[in-house]
Amino acid sequence: MTGETSGHDYAARFAALARSGKDVHGEARFCAALVPVGARVLDAGCGTGRVMIRLAELGYDCVGVDLDASMLAVARRQAPELPWFQVDLAGFEPDRLGIAADFDLVVAAGNVLPLLAAGTETTVVERLAGALRPGGLLVAGFGLDESHLPVPPGITLPEYDDCCAAAGFTLVDRFATWDADPYDGGGYAVSVHRR
Ligand SMILES: C[S@@+](CC[C@H](N)C(=O)[O-])C[C@H]1O[C@@H](n2cnc3c(N)ncnc32)[C@H](O)[C@@H]1O
């Protein structure tokens, strides 16, 4: 996401989907089914805060980080009371921001992994591992082919699993959607790894 209007455009797209009756809270519902209310959740690549604001409404203790100032500007406008940080995930060190590195769950929704700068995926996954308590969960949903991505296909599932294994994660579950439909080898996957 780049450009001064990206945050505004992204938020407008989801607002239109919500108005048309589309379910826009699947990611938050999926995460809420994994950890109890009150758990600490890091929204990695939070964008406009779409997922995190919903999780906070449900009672989760959330922190959002993103690289893009225009996306964060929308998040801050929509929920000024929540903690938002402008950070590159490849250099994310919670302690340096005064954030405890004991999250129960990290969520990377909305193609964060394929949108990372090429070659930084392993570093980012290591940073996310460092933010989680032992036993904490990493949840990432992203497209794998042209029809599920706004950019050319990037990281593959085997490559992502290798990054996760190198960072000390074990694959717990994999689904085709945020509604937990079984993964059948299709072009979108939601993966749950445990540290
Ligand atoms: C498509 S948006 C998804 C936003 C949000 N997670 C959602 O589901 O609505 C992907 C986000 O990843 C962020 N992003 C990409 N690379 C990043 C990096 N290295 N560090 C932090 N955020 C990054 C982008 O700025 C963008 O806001």
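Some notes on this structure:
- The one condition from (1) in contact (Cβ under 8 Å) with a residue 60 or more places away in the chain; (2) buried (at least 19 other Cβ atoms within 10 Å of the Cβ) that residue 49 does not meet is (1).
- Filtered residues of region 179-195 (kept if exposed (fewer than 15 other Cβ atoms within 10 Å of the Cβ) and assigned to a strand (DSSP E or B)): 182
- Hey, residue 40 farther than 16 Å from residue 104 by Cβ and open to solvent by 10 Å² or more (accessible area, probe 1.4 Å) or not: no
- Residues that are assigned to a loop (DSSP other than H, G, I, E, B), aliphatic (A, V, I, L, M) and more than 9 Å from the ligand (Cβ to nearest atom) were ranked within region 85-143; the one that is surrounded by the most Cβ atoms within 10 Å (Cβ to Cβ) is 99.
- Qualifying position, being more than 20 Å from residue 36 (Cα to Cα) and in contact with a helix residue (DSSP H, G or I) (Cβ under 8 Å, 6 or more places away or on another chain), among 168, 185, 119: 168
- Matching residues, region 154-178, being assigned to a loop (DSSP other than H, G, I, E, B) and surrounded by 15 or more Cβ atoms within 10 Å (Cβ to Cβ): 154, 155, 167, 168, 169, 176, 177, 178
- The residues in region 54-71 that are farther than 25 Å from residue 90 by Cβ and within 12 Å of the ligand (Cβ to nearest atom) can be counted, and the count is 1.
- Residue in region 22-38 that is within 14 Å of the chain's Cα centre (by Cα) and near the ligand (Cβ under 8 Å from one of its atoms) present: yes
- Considering only residues in region 3-29 that are in contact with a Ser or Thr (Cβ under 9 Å, 6 or more places away or on another chain) and open to solvent by less than 20 Å² (accessible area, probe 1.4 Å), the one that is farthest from residue 88 (Cα to Cα) turns out to be 26.
The values are calculated or read from the model by the stated rules, or taken from the named source; none is laboratory data. Predicted model only: the values in this text are computed from it and were never measured. Every residue, glycine as well, gets a Cβ built from its backbone with ideal geometry; the counts of neighbours run over all protein chains shown. Protein only, heavy atoms only, side chains kept; ligands, DNA and RNA dropped before computing areas. Shrake-Rupley method; radii C 1.70, N 1.55, O 1.52, S 1.80 Å.
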